[in-house]
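Step one of this worksheet: look at the structure below.
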Amino acid sequence: MIDYISLAIGHGLLALALLRLVMREDVDSDPAIEELKQENKAGREATSAAGRNAKRRARTDRQMP
């Protein structure tokens, strides 16, 4: 009887710890992946015609007083 109680307590605490880790927001996101996504998006915008035109318009708007 004692062995079953100790096994249940041990596994219950492990399940509780796992549940707490899964529910945390800061563990779920990786800053490196977010940075790679932004770089990829910027690269795609730079290679498309619309992206090149938008950058060109932004440059000319900054230069005009």
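The values are calculated or read from the model by the stated rules, or taken from the named source; none is laboratory data. Since the structure is predicted, the reported quantities are computational estimates derived from the model, not experimental observations. Cβ atoms come from the backbone with ideal geometry, glycine included; neighbour counts cover every protein chain shown. Accessible surface areas use protein heavy atoms only, side chains included; no ligands, DNA or RNA. Shrake-Rupley method; radii C 1.70, N 1.55, O 1.52, S 1.80 Å.
In a fully extended conformation the segment linking residue 48 and residue 16 would gain 6.6 nm over its present Cα-Cα distance, using 0.36 nm per residue. Surface calculation, 1.4 Å probe, protein heavy atoms: residue 29 sits at approximately 70 Å² accessible. Computed from label points 7 Å out along Cα-Cβ, the spacing between residue 32 and residue 4 is 4.7 nm.
Think of the chain as a dipole: +1 on every Lys or Arg Cβ, -1 on every Asp or Glu Cβ, centred on the Cα centre; then among 12, 43, 53, 53 lies furthest on the positive end. The residues of the chain expose on average 97 square angstrom of accessible surface per residue, using a 1.4 Å probe on protein heavy atoms.
Just one of (1) 34, 23, 18; (2) 61, 29, 15; (3) 83, 25, 13 is Cα extents along the principal axes in Å calculated from these coordinates, so which is it? Of the listed options (1) 34, 23, 18; (2) 61, 29, 15; (3) 83, 25, 13, (3) comes from this structure. Using only Cα atoms, tell me the angle between helix 2-23 and the longest principal axis of the chain; keep it within 0 to 90° and round to the nearest 10. Compared with the principal axis, the helix lies near 10 degrees. Magnitude of the charge dipole for segment 1-47, about its Cα centre and with charges confined to Cβ atoms of Lys, Arg (+1) and Asp, Glu (-1), is about 120 debye. Using just its DSSP H runs of length 4 or more, each adding -39500 (n - 2.57), the chain gives a mean residue ellipticity at 222 nm of -29000 deg cm²/dmol after division by all residues.
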